[in-house]
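Report on the structure given below.
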Amino acid sequence: MLNKLYDWIDERLDITPIWRDIADHEVPEHVNPAHHFSAFVYCFGGLTFFVTVIQILSGMFLTMYYTPDVVNAWKSVYYLQNEVGAGEIIRGMHHWGASLVIVMMFLHTLRVFFTGSYKKPRELNWIVGVLIFAVILGLGFTGYLLPWDMKALFATKVGIEIAASVPIIGEAIKILLAGDTTILGAQTLTRFFAIHVFFLPAALLGLLAAHFIMIRRQGISGPL
Amino acid sequence: MHKGKGMKFVGDSRVQDKKGQKVYPPDYSAYPGKNEPFWPDFLLREWMVGAVFLIGFLVLTVAHPSPLEGQADPTNTGYIPLPDWYFLFLYQLLKYEFASGPYNIIGAMVVPGIAFGALLLAPFLDRGPERRAYKRPLPVLFMLLALSAMVYLTWESVANHDWAAAERQGKITSDTAFDKSDPGYEVYAKQSCIGCHGDQLQGGAGVAFDGLKLTPEQVAKVAKEGYKTMQPGAFKGSDEELKKLANFIAEYSNK
């Protein structure tokens with residue numbers, strides 16, 4: 001039955017190459033923890049993606065309650081945390097997931113670095129990976145403000161001041177992020193929300209697609 | 001052109017297998033050892049590991065609810081700020097003399113810029129064919145130096161932060177503001193209530209009313225007859241005043 005369905009679609013869309021890329025390829029021994037336990041270091045990339053998926057899903061559920069304005073932002077988070085069923089778990093997943101994704105990504109970066117996997121022909125994929133790293137840090141920075149509690153406000157204040165101290169473009173970055181030359185308030189919150197929920201995730205998905213397509217093209221780097 | 005099932009590819013690439021043509025990258029079968037198909041064996045194992053990971057993760061979220069401090073108050077000038085933990089090393093760097101004040105540009109731009117630039121361009125800085133770490137000592141040394149600097153700076157930042165003060169300053173304080181011009185508050189201040197229950201209704205020798213969810217009748221009764229350590233006859237005003245007081249306190253305690 002499934003085979004027939006597959007054939008029906010394949011006849012029209014020629015999906016076999018796509019299917020091969022997603023699922024029907026071989027996993028070499030040197031990256032398979034079933035053969036060498038130390039190969040678990042090759043799992044960090046996949047775990048980073050797994051936690052990223054958790055972040056996207058839990059984030060989608062958070063926006064069902066979150067209100068990005070200075071009057072209601074904190075109240076909506078407080079309500080979600082204390083009144084909504086499983087709200088504490090959804091917010092907890094997003095909160096702890098944010099730290100976890102950074103830890104996993106860091107370990108993944110170190111694995112690629114110390115196995116020398118960024119060398120020819122994989123230079124471009126390394127660059128895309130470092131850009132993903134930057135985007136994830138940006139997501140962490142913008143997401144930290146959104147609960148609009150004390151630590152969020154003052155950490156963001158410091159962060160924006162550091163950005164503003166960069167010569168020439170500093171002031172422009174500050175206005176872009178904060179929405180004002182002096183005030184850190186309603187504008188800042190909506191801008192951080194937009195950056196956190198639309199701009200950076202869009203960039204992230206594009207970069208991840210490039211990352212994965214290049215992995216499939218080039219295969220995993222060989223054994224040392 | 002041949003399409004669909006039965007199509008031959010080179011290695012796991014999307015390059016079609018045309019005999020005699022040299023292709024890149026090499027087929028995994030050229031590597032020594034036991035290859036395993038991703039689908040379904042390897043995926044099943046990955047799935048199980050993922051499930052265990054997810055359970056551990058959910059246990060963490062339940063055991064440690066994510067923190068939420070009091071609502072942001074831009075007028076608070078005494079708050080000691082702290083970024084999230086993964087930015088602590090950058091934050092700590094800016095506290096050193098050589099990277100702050102007139103040299104702020106070093107801490108805010110030069111050092112992070114060089115570090116990030118070097119990471120981004122690593123494949124072009126480390127161009128040799130060797131992949132083993134011990135065969136390329138310089139890149140590995142620089143990475144280890146950067147890592148130890150990050151660990152040290154994070155450690156310093158954590159050790160120098162007053163965590164007890166941070167917990168105090170972030171506490172969610174009651175947002176149940178009340179109107180001091182309320183006639184009930186006038187009675188409250190005029191009678192002896194304010195001495196024990198505080199001018200902000202915050203409590204003291206007497207209880208704080210915040211969240212007690214009292215009815216006006218309960219308040220009136222306690223005001224006249226006392227409760228536990230509160231002596232009877234604390235209230236000495238008229239019935240009219242008692243009613244105002246009771247309504248005011250009851251409304252506040254239900255906010």
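Tabulated data
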item: Hits in segment B:30-53 (condition: of a type in the set (Gly, Ala, Ser) and at the interface with chain A (Cβ under 8 Å from one of its Cβ atoms)); result: B:GLY33, B:GLY50
item: Hits in segment A:153-169 (condition: open to solvent by 40 Å² or more (accessible area, probe 1.4 Å), of a type in the set (Val, Ile, Thr) and facing chain B (nearest Cβ under 9 Å)); result: A:ILE162
item: Members of segment A:123-152 that are in contact with a Leu (Cβ under 7 Å, 6 or more places away or on another chain), free of Cβ contacts under 8 Å to residues at least 40 places away in the same chain and open to solvent by less than 30 Å² (accessible area, probe 1.4 Å); result: A:VAL130, A:ALA152
item: Selection from segment B:99-132 of residues that are of a type in the set (Ser, Thr, Tyr) and open to solvent by 70 Å² or more (accessible area, probe 1.4 Å); result: B:TYR103
item: Selection status of A:ASP180, on the phi < 0 side of the Ramachandran plot and in contact with a strand residue (DSSP E or B) (Cβ under 7 Å, 6 or more places away or on another chain); result: no
item: All positions within segment B:82-100 that are closer than 17 Å to A:ALA164 by Cα, among the aliphatic types (A, V, I, L, M) and in a helix (DSSP H, G or I); result: B:LEU90, B:LEU93, B:ALA99
item: Conditions (1) more than 30 Å from B:GLY78 (Cα to Cα); (2) buried (at least 17 other Cβ atoms within 10 Å of the Cβ); (3) more than 14 Å from chain B (Cβ to nearest Cβ): number failed by A:ALA209; result: (2)
item: Meets criteria (part of a helix (DSSP H, G or I), within 7 Å of another protein chain (Cβ to nearest Cβ) and buried (at least 16 other Cβ atoms within 10 Å of the Cβ)) for B:TYR79; result: no
item: Close pairs from segment B:147-166: first farther than 18 Å from A:VAL103 by Cα, partner open to solvent by 30 Å² or more (accessible area, probe 1.4 Å) and assigned to a helix (DSSP H, G or I), Cβ under 6 Å, at least 6 apart; result: none
item: Cβ-Cβ under 7 Å pairs, at least 6 apart or on other chains, segment B:46-72 side open to solvent by less than 40 Å² (accessible area, probe 1.4 Å), far side assigned to a loop (DSSP other than H, G, I, E, B); result: B:LEU68/A:PRO147; B:GLU69/B:ILE172; B:GLY70/B:LYS171; B:GLY70/B:ILE172; B:GLY70/B:THR173; B:ALA72/A:TRP148
item: Selection count where residues are touching a helix residue (DSSP H, G or I) at 6+ places or on another chain (Cβ under 9 Å) and free of Cβ contacts under 8 Å to residues at least 12 places away in the same chain, scope segment A:177-193; result: 3
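Conditions (1) modelled with pLDDT under 95; (2) in contact with a strand residue (DSSP E or B) (Cβ under 7 Å, 6 or more places away or on another chain); (3) in a helix (DSSP H, G or I); (4) more than 23 Å from A:HIS108 (Cβ to Cβ), marked per residue:
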residue: B:ARG45; (1), (2), (3), (4): yes, no, yes, no
residue: B:LEU68; (1), (2), (3), (4): yes, yes, no, yes
residue: B:PRO102; (1), (2), (3), (4): yes, no, yes, yes
residue: B:GLY117; (1), (2), (3), (4): no, no, yes, no
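The values are calculated or read from the model by the stated rules, or taken from the named source; none is laboratory data. What you see is a predicted model; the values in this text were computed from it and never measured. With ideal geometry, Cβ positions are generated from the backbone for all residues, glycine too; neighbour counts draw on all protein chains shown. Remember, those area values only see protein heavy atoms, side chains included, never the ligands or the DNA or RNA. Shrake-Rupley method; radii C 1.70, N 1.55, O 1.52, S 1.80 Å.
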